[in-house]
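Below you'll find the structure, written out as structure tokens, and then a few comments.
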Amino acid sequence: MSDGDGDEINSIGDTVESEQVANIVKQEFLMIADQFDLEHHKQVRGLTATSSSTPTVMTRPEGFYDIAWIKYDKRTTAGGDPDFQYVEYMPTDEFDDLVSGLNVSDTNVGSQTINGLTYNHYNDRQPTYYTFIHGYDSIVFDAYNSTLESNLQASKAKAYGIQRPTLSIADASVPDLPQNLMTLLRNRSRAMYFDLFKDGVTKEIDKRQRNSEVRAQRQRHIAAANRRKLQRRTPDYGRK
């Protein structure tokens with residue numbers, strides 16, 4: 001606002017314009033977070049259990065995406081030590097072939113209805129495979145152990161992926177970005193502010209924004225190269 005000769009403010013809520021600027025910063029922040037799929041935002045999260053009517057279905061937390069792997073506690077007794085092991089991702093068509101081939105007349109096979117479709121599953125073992133349905137929101141596994149639980153449990157599931165960050169419009173909020181992207185956020189926000197509320201983006205502001213974009217993309221490629229080197233040294237688990 002100072003660059004655009006706006007009113008002097010002490011808080012985001014002082015003027016309508018200052019609130020508009022804060023909204024610009026928030027939107028540009030979310031766009032950068034989505035564009036760069038930052039390692040900075042990757043974390044291990046739990047999955048959400050459903051119910052005994054859909055015993056092998058779990059859902060992902062809101063804003064949690066690009067799941068790289070899932071582990072489940074495959075202990076065989078109720079009092080046993082936790083035994084988290086990888087559950088392998090299977091493409092949806094292959095998974096459907098797998099569970100459709102199970103015979104529901106067998107005592108160790110059950111079925112569940114999800115959006116009008118039937119999915120069979122084992123009920124005497126821990127899960128080995130999973131897939132995504134419902135636009136990636138629901139995660140269906142091939143099995144659960146009915147002697148230990150009525151359905152797959154949130155306390156026994158772990159997933160590794162990207163958690164989309166949030167930004168509250170408040171004076172003390174700090175965007176959750178690596179330092180090298182803070183310059184890009186400032187320059188993008190400044191450019192959008194001038195474009196919407198002033199006489200358009202000046203050549204200097206446009207130049208700074210483009211330079212920030214180039215630097216950010218260059219560092220993104222370096223980070224991606226380092227990840228590829230790491231992947232070659234480690235086992236490959238789960239969804240590509």
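Read-outs throughout are calculated quantities, based only on the coordinates presented, and are distinct from any laboratory measurement. Worth saying up front: this structure is predicted, and the values here are computed from it rather than measured. A quick note on method: Cβ atoms are made from the backbone with ideal geometry, for glycine too, and the neighbour counts reach across all protein chains shown.
Summary table
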quantity	calculated
Difference of contour (0.36 nm per residue) and Cα-Cα distance, residue 9 to residue 180	58.8 nm
Over 29 Å between alpha carbons, listed pairs 42/74; 26/156; 42/156	26/156
Label-point separation in nm, residue 148 to residue 51, each point 7 Å along Cα→Cβ	2.4 nm
Length added when fully stretched, residue 16-residue 164, from 0.36 nm per residue minus Cα-Cα	50.5 nm
Residue-span extension gain [residue 30 to residue 44] - 0.36 nm each, minus C-alpha spacing	3.0 nm
Largest-first principal axis extents of the Cα set of the range 42-163 (Å)	42, 36, 22
FRET efficiency estimate (nearest 0.05) - Cβ-Cβ, residue 129 to residue 155, R0 22 angstrom	0.55
Simple label model, 7 Å out from Cα along Cβ direction - residue 196 to residue 86, nm	4.4 nm
The range 1-75-the range 103-177 distance, computed between alpha-carbon centres (Å)	21 Å
